[in-house]
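Peer 1: The structure's right below; bear with me while I get my questions together.
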């Protein structure tokens, strides 16, 4: 009986001590799962960049896009492919550890847009965002910088 009681006490002690080491979502993380569910695992097609709404016309067949997973982002800027980490909270997205291919795509009417998109990938501070009816709007310092729609 004493051995059984000793084993129960040891097991409970180990369980209680290890409780603090179990990986949990940080309590200060204001992650909104409903909002995140509508953001992640979707392909978001760029329709407006820095106030210019002629993205679809200038981009041609391959439209720039972003695709989010739980903690990752991948995308295409019209010429090059990018991927990296994405920290997503209730109202902010922060890109980090971004890598991008460096294809020689030539000069086109979309070349300046490609560079603007790439610059946003490497911006180190959080972007604010909102989602309304299948439209993702991303803000940098209160200014709308990207508007994307869910791909069909």
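The values are calculated or read from the model by the stated rules, or taken from the named source; none is laboratory data. Values in this document were obtained by computation on a predicted structure and should not be read as measured data. Heads up, the Cβs are rebuilt from the backbone with ideal geometry, glycines too, and the neighbour counts pull from every protein chain shown.
Peer 1: Conditions first: (1) surrounded by 15 or more Cβ atoms within 10 Å (Cβ to Cβ); (2) over 16 Å from residue 44 (Cα atoms); (3) in contact (Cβ under 8 Å) with a residue 24 or more places away in the chain. Residue 100 passes all but one, so which condition is the exception?
Peer 2: Exception for residue 100: condition (3).
Peer 1: Could I ask something else about it? Just one of (1) surrounded by 11 or more Cβ atoms within 10 Å (Cβ to Cβ); (2) more than 17 Å from residue 150 (Cβ to Cβ); (3) at pLDDT below 80 trips up residue 27, so point out which.
Peer 2: That leaves (1) as the condition not met.
Peer 1: Another one. Only one residue in 117, 88 is at negative phi and modelled with pLDDT under 90. Which one?
Peer 2: 117
Peer 1: Does the stretch 98-118 include one or more residues that are part of a strand (DSSP E or B) and touching a helix residue (DSSP H, G or I) at 6+ places or on another chain (Cβ under 8 Å)?
Peer 2: yes
Peer 1: Further question on the same structure: Can you tell me which condition residue 83 does not meet? The list is (1) at pLDDT 80 or above; (2) closer than 19 Å to residue 134 by Cβ, and all the others hold.
Peer 2: (2)
Peer 1: Since residue 77 meets every condition but one in (1) at positive phi; (2) in contact with a helix residue (DSSP H, G or I) (Cβ under 6 Å, 6 or more places away or on another chain), which condition does it not meet?
Peer 2: In the conditions (1) at positive phi; (2) in contact with a helix residue (DSSP H, G or I) (Cβ under 6 Å, 6 or more places away or on another chain), residue 77 misses (1) alone.
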